[in-house]
1. Could you run through segment 16-63 and say how many residues are within 22 Å of Y89 (Cβ to Cβ) and charged (D, E, K, R)?
2. Would you tally the residues in segment 101-142 being assigned to a strand (DSSP E or B) and closer than 17 Å to A34 by Cβ?
3. Report those helices (runs of 4 or more DSSP H) wholly inside segment 1-100 carrying at least 2 residues which are of a type outside the set (K, R) and within 13 Å of the chain's Cα centre (by Cα).
4. Checking the conditions here, which among H136, H85 is closer than 22 Å to A19 by Cβ and either surrounded by fewer than 21 Cβ atoms within 10 Å (Cβ to Cβ) or modelled with pLDDT under 90 (or both)?
5. Starting from segment 109-131, take each residue that is under 21 Å from N93 (Cβ atoms) and free of Cβ contacts under 8 Å to residues at least 24 places away in the same chain and list its partners that are among the charged types (D, E, K, R) and not in a loop (DSSP other than H, G, I, E, B), counting only C-beta distances under 8 angstrom and pairs at least six apart or across chains.
6. Given the options G35, G54, name the one that is modelled with pLDDT of 90 or more and either surrounded by 21 or more Cβ atoms within 10 Å (Cβ to Cβ) or in contact with a Ser or Thr (Cβ under 7 Å, 6 or more places away or on another chain) (or both).
7. Regarding segment 108-118, can at least one residue be identified that is of a type in the set (F, W, Y), in contact with an Asp or Glu (Cβ under 7 Å, 6 or more places away or on another chain) and at positive phi?
Amino acid sequence: MKKWENFFNKGPIHTHSEAEMIALGRRMAAELAAGDVLGFVGDLGAGKTHLIQGLLEGLGCSDPAASPTFSLVHEHGGGRLRAAHFDFYRMRNPDEALGIGWDEYLSSKAVLLVEWADRFDGELMPEGTHWLVLRHEGPSERSVALAGA
(Lines give C-alpha, C1' and ligand atoms only; values in the text may rest on other atoms or scores of the structure.)
Protein backbone atom coordinates (compact mmCIF):
# COMPACT_ATOMS: atom_id res chain seq x y z
CA MET A 1 0.00 0.00 0.00
CA LYS A 2 2.94 2.31 0.65
CA LYS A 3 3.69 2.81 -3.04
CA TRP A 4 0.15 4.07 -3.70
CA GLU A 5 0.17 6.29 -0.61
CA ASN A 6 3.33 7.92 -1.99
CA PHE A 7 1.67 8.42 -5.37
CA PHE A 8 -1.33 10.12 -3.76
CA ASN A 9 0.57 11.81 -0.90
CA LYS A 10 -0.82 15.26 -1.80
CA GLY A 11 -4.42 14.05 -1.92
CA PRO A 12 -6.66 13.44 -4.91
CA ILE A 13 -5.20 13.92 -8.37
CA HIS A 14 -7.28 16.11 -10.71
CA THR A 15 -7.57 15.69 -14.46
CA HIS A 16 -9.27 17.99 -16.95
CA SER A 17 -9.73 15.73 -19.98
CA GLU A 18 -9.88 12.10 -21.07
CA ALA A 19 -6.31 12.45 -22.35
CA GLU A 20 -5.10 13.60 -18.91
CA MET A 21 -6.89 10.65 -17.25
CA ILE A 22 -5.19 8.24 -19.66
CA ALA A 23 -1.82 9.93 -19.02
CA LEU A 24 -2.37 9.55 -15.26
CA GLY A 25 -2.97 5.84 -15.77
CA ARG A 26 0.25 5.54 -17.76
CA ARG A 27 2.20 7.12 -14.88
CA MET A 28 0.46 4.93 -12.30
CA ALA A 29 1.34 1.75 -14.23
CA ALA A 30 4.94 2.05 -13.05
CA GLU A 31 3.69 1.25 -9.53
CA LEU A 32 1.92 -1.99 -10.50
CA ALA A 33 3.29 -5.37 -9.46
CA ALA A 34 2.22 -8.91 -10.27
CA GLY A 35 -0.89 -9.85 -8.32
CA ASP A 36 -2.00 -6.29 -7.56
CA VAL A 37 -5.76 -5.85 -7.38
CA LEU A 38 -7.22 -2.38 -8.00
CA GLY A 39 -10.88 -1.67 -7.30
CA PHE A 40 -12.33 1.34 -9.15
CA VAL A 41 -15.32 3.13 -7.64
CA GLY A 42 -17.20 6.06 -9.16
CA ASP A 43 -20.33 7.15 -10.94
CA LEU A 44 -20.93 6.52 -14.64
CA GLY A 45 -18.62 8.73 -16.67
CA ALA A 46 -16.19 9.36 -13.80
CA GLY A 47 -13.25 8.12 -15.88
CA LYS A 48 -12.74 4.54 -14.70
CA THR A 49 -12.29 3.06 -18.16
CA HIS A 50 -10.00 5.88 -19.32
CA LEU A 51 -7.79 5.45 -16.25
CA ILE A 52 -7.63 1.71 -16.90
CA GLN A 53 -6.82 2.39 -20.55
CA GLY A 54 -3.81 4.39 -19.39
CA LEU A 55 -2.76 1.70 -16.91
CA LEU A 56 -2.82 -0.93 -19.66
CA GLU A 57 -0.90 1.34 -22.04
CA GLY A 58 1.64 2.02 -19.31
CA LEU A 59 2.10 -1.73 -18.83
CA GLY A 60 2.70 -2.05 -22.57
CA CYS A 61 -0.25 -4.38 -23.14
CA SER A 62 -0.73 -5.13 -26.79
CA ASP A 63 -4.49 -4.68 -27.05
CA PRO A 64 -6.39 -1.51 -26.18
CA ALA A 65 -8.69 -1.21 -23.19
CA ALA A 66 -12.40 -1.22 -23.73
CA SER A 67 -15.06 -1.46 -21.09
CA PRO A 68 -15.88 -5.14 -20.54
CA THR A 69 -19.44 -4.27 -19.48
CA PHE A 70 -21.01 -6.89 -21.71
CA SER A 71 -18.26 -9.52 -21.73
CA LEU A 72 -17.51 -8.97 -18.01
CA VAL A 73 -13.72 -9.50 -18.36
CA HIS A 74 -10.99 -8.76 -20.91
CA GLU A 75 -7.54 -10.28 -20.64
CA HIS A 76 -4.52 -8.21 -21.68
CA GLY A 77 -1.04 -9.54 -22.39
CA GLY A 78 2.08 -8.53 -24.22
CA GLY A 79 3.21 -6.05 -21.58
CA ARG A 80 5.40 -5.92 -18.52
CA LEU A 81 2.63 -7.72 -16.58
CA ARG A 82 -0.47 -9.64 -17.60
CA ALA A 83 -3.71 -7.90 -16.69
CA ALA A 84 -7.42 -8.71 -16.50
CA HIS A 85 -9.99 -5.91 -16.71
CA PHE A 86 -13.33 -6.71 -15.04
CA ASP A 87 -16.61 -4.83 -14.95
CA PHE A 88 -19.02 -5.85 -12.17
CA TYR A 89 -21.69 -3.30 -13.21
CA ARG A 90 -24.05 -5.72 -14.97
CA MET A 91 -23.51 -8.66 -12.64
CA ARG A 92 -26.55 -9.60 -10.61
CA ASN A 93 -24.67 -11.40 -7.84
CA PRO A 94 -21.15 -12.47 -6.84
CA ASP A 95 -21.72 -15.96 -8.25
CA GLU A 96 -21.48 -14.51 -11.77
CA ALA A 97 -17.89 -13.42 -11.06
CA LEU A 98 -17.08 -16.81 -9.62
CA GLY A 99 -18.63 -18.38 -12.72
CA ILE A 100 -16.17 -16.61 -15.02
CA GLY A 101 -13.20 -17.75 -12.96
CA TRP A 102 -12.72 -14.92 -10.43
CA ASP A 103 -10.93 -17.25 -8.00
CA GLU A 104 -8.54 -18.43 -10.71
CA TYR A 105 -7.76 -14.86 -11.69
CA LEU A 106 -7.00 -14.01 -8.05
CA SER A 107 -4.39 -16.76 -7.91
CA SER A 108 -2.95 -16.04 -11.38
CA LYS A 109 -0.61 -13.19 -10.39
CA ALA A 110 -2.13 -11.04 -13.14
CA VAL A 111 -2.92 -7.44 -12.28
CA LEU A 112 -6.69 -7.27 -11.73
CA LEU A 113 -8.41 -4.00 -12.63
CA VAL A 114 -12.03 -4.05 -11.45
CA GLU A 115 -14.63 -1.42 -12.38
CA TRP A 116 -17.60 -1.19 -9.99
CA ALA A 117 -15.59 -3.25 -7.50
CA ASP A 118 -17.88 -2.16 -4.67
CA ARG A 119 -20.98 -3.49 -6.46
CA PHE A 120 -21.42 -6.30 -3.91
CA ASP A 121 -20.12 -4.31 -0.94
CA GLY A 122 -16.63 -5.34 -1.99
CA GLU A 123 -17.20 -8.93 -0.81
CA LEU A 124 -15.35 -10.38 -3.82
CA MET A 125 -12.33 -8.15 -3.40
CA PRO A 126 -9.38 -9.62 -1.50
CA GLU A 127 -7.63 -8.10 1.46
CA GLY A 128 -4.99 -5.72 0.16
CA THR A 129 -7.12 -4.37 -2.68
CA HIS A 130 -6.08 -0.85 -3.65
CA TRP A 131 -9.33 1.17 -3.83
CA LEU A 132 -9.39 4.11 -6.23
CA VAL A 133 -12.31 6.53 -5.98
CA LEU A 134 -13.11 8.63 -9.05
CA ARG A 135 -15.41 11.67 -8.89
CA HIS A 136 -16.91 14.23 -11.23
CA GLU A 137 -15.58 17.64 -10.18
CA GLY A 138 -16.91 19.67 -13.13
CA PRO A 139 -17.91 19.31 -16.77
CA SER A 140 -14.56 17.78 -17.74
CA GLU A 141 -12.70 17.71 -14.42
CA ARG A 142 -12.35 14.44 -12.54
CA SER A 143 -10.53 13.49 -9.36
CA VAL A 144 -8.85 10.22 -8.47
CA ALA A 145 -8.17 9.40 -4.83
CA LEU A 146 -6.79 6.41 -2.98
CA ALA A 147 -9.36 5.34 -0.40
CA GLY A 148 -7.94 5.41 3.09
CA ALA A 149 -4.92 7.55 2.18
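The values are calculated or read from the model by the stated rules, or taken from the named source; none is laboratory data. What you are looking at is a predicted structure, and each value in this text was computed from that prediction instead of being measured. Glycine gets a Cβ as well: all are built from the backbone with ideal geometry, and neighbour counts include every protein chain shown.
1. 5
2. Counting residues in segment 101-142 that are assigned to a strand (DSSP E or B) and closer than 17 Å to A34 by Cβ gives 5.
3. 18-29, 48-59
4. Working: H85 fails: either surrounded by fewer than 21 Cβ atoms within 10 Å (Cβ to Cβ) or modelled with pLDDT under 90 (or both).
Answer to the selection: H136.
5. Hits for this filter: zero, empty list.
6. On the way: G35 fails: either surrounded by 21 or more Cβ atoms within 10 Å (Cβ to Cβ) or in contact with a Ser or Thr (Cβ under 7 Å, 6 or more places away or on another chain) (or both).
Every option except G54 fails the conditions.
7. Filtering segment 108-118 down to residues of a type in the set (F, W, Y) leaves 116.
If we keep only those that are in contact with an Asp or Glu (Cβ under 7 Å, 6 or more places away or on another chain) too, we end up with 116.
Within this subset, residues satisfying the condition of being at positive phi are 116.
Yes, there is a match, as at least one residue in segment 108-118 is of a type in the set (F, W, Y), in contact with an Asp or Glu (Cβ under 7 Å, 6 or more places away or on another chain) and at positive phi.
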